[in-house]
Amino acid sequence: MIAAGFAVPASAAQLEIKVENLTQGVYFTPLIIAAHPGDVYMYETGMAASAALQAIAEGGDISAMATALDGMPVVSNPAGGLLAPGASIEGVMLDSGDMAYLSLTAMLLPTNDGFVGLDRWMIPSEAGTYTVYLKGYDAGTEANDELVVDGSGMPGVPGIPAAPGGDAGMNGSGVTATQPNSTVHIHPGVLGDTDAEGGVSDLDSRVHRWLNPVAKLTVTVQ
């Protein structure tokens with residue numbers, strides 16, 4: 001986490017949170033949701049990913065981010081695992097205390113280093129229900145080769161760690177071996193193909209392709 005401005009004071013609020021996966025074939029790894037001041041962020045577009053964000057984006061590991069957010073109101077893994085396509089998790093309660101901002105991250109799987117993100121959303125001071133649509137981002141830490149590789153998922157190890165739906169191919173040659181943008185940016189989506197035994201990608205273009213937004217966040221401020 002890096003300084004990024006100043007916090008706007010907010011009244012303490014109890015938040016009820018719902019997250020919906022809007023994709024057809026992409027899973028969300030364990031979510032981490034946090035209320036925090038404005039000089040803290042999980043990620044920032046146009047900036048290099050932190051080691052904690054890289055661990056999430058490449059392997060779904062939220063432990064380093066949870067450590068970085070120690071002392072702040074945090075909910076880790078509210079779904080108890082993966083959030084499947086079309087599924088939702090609701091009734092997640094978070095006491096924001098005196099924190100003015102809300103952020104969220106989780107890996108998009110199967111991708112190389114894609115994640116769903118909410119960056120420093122200002123918590124409304126008035127009670128009510130608010131809806132935010134969330135985009136998919138690329139951490140910029142790994143080439144989007146679209147190859148499912150056993151043992152990948154650790155930072156710096158190329159490849160997609162898994163396709164949870166069991167619907168990936170194999171023996172792809174790789175879409176690309178380079179990552180031209182090394183900062184956090186909007187994810188270009190996946191290319192995929194329809195060759196389960198080869199082709200350039202191990203992803204199925206009929207299942208795994210997606211467009212933004214990838215999630216719907218509903219926050220009820222009580």
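Rule-based calculations on the coordinates, nothing more; no lab input. All of these numbers come straight from a predicted model, not from anything done at the bench. Counting neighbours? That spans all protein chains shown, and the Cβs are built from the backbone with ideal geometry, glycine included.
Brief remarks on what is shown
- Charge dipole (segment 1-123, unit charges on Cβ, about Cα centre) - positive-most of VAL26, LEU69, ILE56: VAL26
- Normalising the average separation of contacting C-alpha pairs (under 8 angstrom, six or more residues apart) by the number of residues puts the relative contact order of the chain at 27 percent.
- Averaging Cα coordinates gives a centre for segment 23-73 and one for segment 191-222; these two points are 20 Å apart.
- Reported label for calculated Rg and Dmax of the Cα atoms in Å given (1) 22.0, 89; (2) 17.2, 56; (3) 19.5, 60: (2)
- Size of charge dipole - the chain - debye, nearest 20, with Cβ of Lys, Arg +1 and Asp, Glu -1, no other charges: 460
- Among 102-109, 162-169, 148-155, the peptide with the highest mean count of other Cβ atoms within 10 Å heads the list, and the full ranking is 102-109, 162-169, 148-155.
- Taking the inverse of the mean reciprocal distance over all distinct Cα pairs, the Kirkwood hydrodynamic radius of segment 165-208 comes to 11.3 Å.
- Charge dipole of segment 141-211 (Cα centre as origin; +1 on each Lys and Arg Cβ, -1 on each Asp and Glu Cβ, all else neutral): 260 debye, rounded to the nearest 20.
- The chain: calculated mean residue ellipticity at 222 nm from DSSP helix runs of at least 4, using -39500 (n - 2.57): -2000 deg cm²/dmol
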